[in-house]
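Before any comments, here is the structure.
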Amino acid sequence: MKLYITTPSPFARKCRIVAREKGLADRIEEIVVDPYANAPELLASNPIVQVPTLIAEDGLPLSDSPVICEYLDAIGSGPRLLPAEGPERLRVRRLETHADAALEMGVKLVLELRRPESERSPSWIARWTENMTRALDALEAARPDAARLDMGVITAGVAVAWIGFRHPGFDWRSGRPHLVALHEAIEARPSFADTRPG
């Protein structure tokens, strides 16, 4: 299998962590590409030239990190990171969705702040910052626990680490002791340590 990534991408990091947690790292070739340069190999697999993109075992491409992670979870070894059904699956998906939302708002902010200052929208910057804050508050209220590893916990851990990395002036820690504890515990896992952006 091939996984097209950029190393700073939090969505690619999710997939890389799941691959390691599920014992699949030696079956996946991680290929660093430049999506902004329309990397030909990525464009051939994904019409919107977005990472992560996985070329699955059957040769078909998969995009969107929740889809890729669910596929890796199904074919890998060890306990399921996403329960197959029922209320527990919804609980995990809900947590993953809040964490992905925080990341999506953070990515929008990064892209907006890369524009020339005269082209930036203060109202959108404020809106996306508010949404990122609310998503983090929802994660805090859910109390994700690093000892209970699942897709929600993994994504929450990736979210707070990436927000701290990309938005160092944004205080995600104050008033969120559960997210701070999660960050400190989960970043010590080998799968997280091996995939840190930098």
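The values are calculated or read from the model by the stated rules, or taken from the named source; none is laboratory data. All figures in this text were calculated on a predicted structure; none of them were measured in a lab. For neighbour counting, all protein chains shown are included, and Cβ atoms are generated from backbone atoms with ideal geometry for every residue, glycine included.
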Next item on the list: Among the residues of the range 40-49, count how many are hydrophobic (A, V, I, L, M, F, W, C) and closer than 20 Å to residue 16 by Cα.
Entry: 2
Checklist line | Pairs, first of a type in the set (A, V, I, L, M, F, W, C) and surrounded by fewer than 17 Cβ atoms within 10 Å (Cβ to Cβ) in the range 11-31, second modelled with pLDDT of 95 or more and part of a strand (DSSP E or B), C-beta under 9 Å, six or more apart | finding: 31/2; 31/3; 31/4; 31/5
Margin query: For the range 1-32: of the residues being among the charged types (D, E, K, R) and outside any strand (DSSP E or B), which is farthest from residue 187 (Cα to Cα)?
Written below: 27
Next item on the list: Only one of these is surrounded by 17 or more Cβ atoms within 10 Å (Cβ to Cβ) and not polar (S, T, N, Q): 76, 86, 59. Name it.
Entry: 76
Next item on the list: For the range 105-161, name all the residues that are among the polar types (S, T, N, Q) and either at pLDDT below 95 or in a helix (DSSP H, G or I) (or both).
Entry: 118, 123, 129, 131, 133, 155
Note to self: I'd like to know if the range 68-76 contains one or more residues that are over 11 Å from residue 155 (Cβ atoms) and not in a helix (DSSP H, G or I).
What the structure shows: yes
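For (1) free of Cβ contacts under 8 Å to residues at least 12 places away in the same chain; (2) in contact with a helix residue (DSSP H, G or I) (Cβ under 8 Å, 6 or more places away or on another chain); (3) among the basic types (Lys, Arg), each residue gets a yes or a no:
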| position | (1), (2), (3) |
| --- | --- |
| 128 | no, yes, no |
| 140 | no, yes, no |
| 147 | no, yes, no |
| 151 | no, yes, no |
| 156 | no, yes, no |
| 169 | yes, no, no |
| 173 | yes, yes, yes |
| 184 | yes, no, no |
| 193 | yes, no, no |
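For every residue, the table says whether it meets (1) under 15 Å from residue 20 (Cα atoms); (2) without any contact (Cβ under 8 Å) to a residue 40 or more places away in the chain.
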site	(1), (2)
69	yes, no
73	yes, no
91	no, no
95	no, no
105	no, yes
Check: Looking only at the range 34-44, which residues are buried (at least 19 other Cβ atoms within 10 Å of the Cβ) and either of a type in the set (Ser, Thr, Tyr) or not in a helix (DSSP H, G or I) (or both)?
Finding: 39
Next item on the list: Can you confirm whether the range 168-184 contains a residue that is within 21 Å of residue 6 (Cβ to Cβ) and part of a helix (DSSP H, G or I)?
Entry: no
Note to self: Please go through (1) at pLDDT 95 or above; (2) surrounded by fewer than 19 Cβ atoms within 10 Å (Cβ to Cβ); (3) outside the structural domain of residue 159 (by TED's automatic domain parsing) for residue 91 and return the number of the only condition it doesn't satisfy.
What the structure shows: (3)
Next item on the list: Mind listing whichever residues of the range 1-37 are of a type in the set (Phe, Trp, Tyr) and modelled with pLDDT of 95 or more?
Entry: 4, 11
Margin query: With surrounded by fewer than 17 Cβ atoms within 10 Å (Cβ to Cβ) and among the hydrophobic types (A, V, I, L, M, F, W, C) as the only criterion, which of 192, 170 stands out?
Written below: 170
Check: For residues in the range 45-56 being over 18 Å from residue 29 (Cβ atoms) and in contact with a helix residue (DSSP H, G or I) (Cβ under 8 Å, 6 or more places away or on another chain), which is surrounded by the fewest Cβ atoms within 10 Å (Cβ to Cβ)?
Finding: 50
